[in-house]
Amino acid sequence: MPNKTYRIAASVLSADFARLGPEIRDVSEAGADWIHFDVMDNHYVPNLTFGPMVCEAVRPYTNQPIDVHLMVEPVDELALKFIHAGANIITFHPEASKHVDRTLSLIRDSGCHAGLVFNPATPLDWLTYTCNKIDLVLLMSVNPGFGGQHFLQSTFQKIRDCRAILDAYAEKTDRHISIEVDGGVKAANIAEVAAAGANIFVAGSAIFEAKSKEGYKQVIDSFRERLGRIA
Ligand code: DX5
Ligand code: ZN
């Protein structure tokens, strides 16, 4: 049975970095369930964002879980630093870690939820021997590195394929692994993304282009309304 707990993860990549703390407070008060924190190292992806010190500095601005999406290589040392900085969920790209099982253990043994991230062209094969150590799968619906890109239509089939794998696993184990989708999610496509089998929705530009706390709330409310329609 699919995990029907829907969560909106606001990606602060599109926030005003000069006011990052207040932006995170505002989007949390506007109804974001998770704060999605895109960590880019200008090595694994062609862009550079923020590190664990920034995560630690903004941690007091929200009570919501901080969902750290590591687009870095190597992974382990930074994963640990983000855990110490107050992260609650850590996802990483398996091809960026030399020892994926070890990285997953490292994250979960530190009390965080762990997930694997799949780029648009990355097959789901990595799930074959990892489901017992993951809490969520993050499917990229754009190539990682930048906000504001268009949702790739091929993602819908991939969400369905992933859902089938995770449902089969849940049948056997009664462990329900979430599917998070990241990139180009808007009010116009969120219901279709949910219908394909996702239950966590990352949105950056769609939320932050609203430019005010009231605007963020309107966008997040419109997401929930669209999600309600498919329940
Ligand atoms: C891209 C990031 C995304 C990005 C999504 O590499 O992982 O989280 O912020 O931004 P939007 O919602 O604007 O596509
Ligand atoms: Zn992301």
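Every condition in (1) under 18 Å from the mean Cα position of the chain (by Cα); (2) surrounded by 16 or more Cβ atoms within 10 Å (Cβ to Cβ) holds for Tyr169 except the one numbered (1).
For Gly184, the test of being within 16 Å of ligand 2 (Cβ to nearest atom), surrounded by fewer than 16 Cβ atoms within 10 Å (Cβ to Cβ) and either under 27 Å from Ile66 (Cβ atoms) or hydroxyl-bearing (Ser, Thr, Tyr) (or both) is failed. If you check Ala194, Ala170, Ala198, Ala203 for being more than 16 Å from ligand 1 (Cβ to nearest atom) and among the hydrophobic types (A, V, I, L, M, F, W, C), only one passes: Ala170.
Checking the stated criteria, Asp16 turns out not to satisfy the condition of being touching a Phe, Trp or Tyr at 6+ places or on another chain (Cβ under 9 Å), within 18 Å of Cys112 (Cα to Cα) and acidic (Asp, Glu). Residues that are in contact with a His (Cβ under 9 Å, 6 or more places away or on another chain) and part of a helix (DSSP H, G or I) occur in region 170-189; there is at least one.
Among the conditions (1) polar (S, T, N, Q); (2) out of contact with any strand residue (DSSP E or B) (no Cβ under 7 Å at 6 or more places or on another chain); (3) closer than 25 Å to Ala15 by Cβ, Thr155 misses just one, which is (2). From the list Ile207, Ile165, the lone residue that is part of a helix (DSSP H, G or I) and within 16 Å of ligand 2 (Cβ to nearest atom) is Ile207.
In region 193-206, the residues that are closer than 13 Å to Thr155 by Cβ reach residues that are more than 14 Å from ligand 1 (Cβ to nearest atom) and at pLDDT below 95 with C-beta atoms within less than 8 angstrom, at least six apart or across chains, in these pairs: Ala194/Ile230; Ala195/Ile230; Gly197/Pro2. No other residue among Pro60, Pro52, Pro74, Pro22 is surrounded by 19 or more Cβ atoms within 10 Å (Cβ to Cβ) and over 30 Å from Ala196 (Cβ atoms) apart from Pro52.
Of all residue pairs spaced 6 or more apart or on separate chains, those with beta-carbon atoms under 8 Å, a first member in region 27-46 that is farther than 26 Å from Val219 by Cβ and in contact (Cβ under 8 Å) with a residue 12 or more places away in the chain and a second member that is away from ligand 1 (no atom under 13 Å from the Cβ) and among the acidic types (Asp, Glu) are Asp41/Glu73; His43/Glu73; Tyr44/Glu73. Of all residues being under 22 Å from Phe146 (Cβ atoms) and not hydrophobic (A, V, I, L, M, F, W, C) in region 53-73, which is farthest from ligand 2 (Cβ to nearest atom)? Just the residue, please. Within region 53-73, the match that is farthest from ligand 2 (Cβ to nearest atom) is Glu73. Here Ala114 fulfils each of the conditions (1) more than 16 Å from ligand 1 (Cβ to nearest atom); (2) more than 17 Å from the chain's Cα centre (by Cα) apart from (2). Counting residues in region 146-155 that are under 20 Å from His69 (Cα atoms), of a type in the set (Phe, Trp, Tyr) and in contact (Cβ under 8 Å) with a residue 60 or more places away in the chain gives one or more. If only residues of region 207-229 that are within 14 Å of ligand 1 (Cβ to nearest atom) and in contact with a helix residue (DSSP H, G or I) (Cβ under 6 Å, 6 or more places away or on another chain) are counted, the one that is farthest from Cys131 (Cα to Cα) is Ala210.
Annotation for region 142-153: no member residue is buried (at least 21 other Cβ atoms within 10 Å of the Cβ) and either at pLDDT below 95 or away from ligand 2 (no atom under 13 Å from the Cβ) (or both).
The values are calculated or read from the model by the stated rules, or taken from the named source; none is laboratory data. If you're wondering where the values come from, they're calculated on a predicted model, not measured in any experiment. Reconstructed Cβ throughout: ideal geometry from the backbone, glycine too, with neighbour counts over all protein chains shown.
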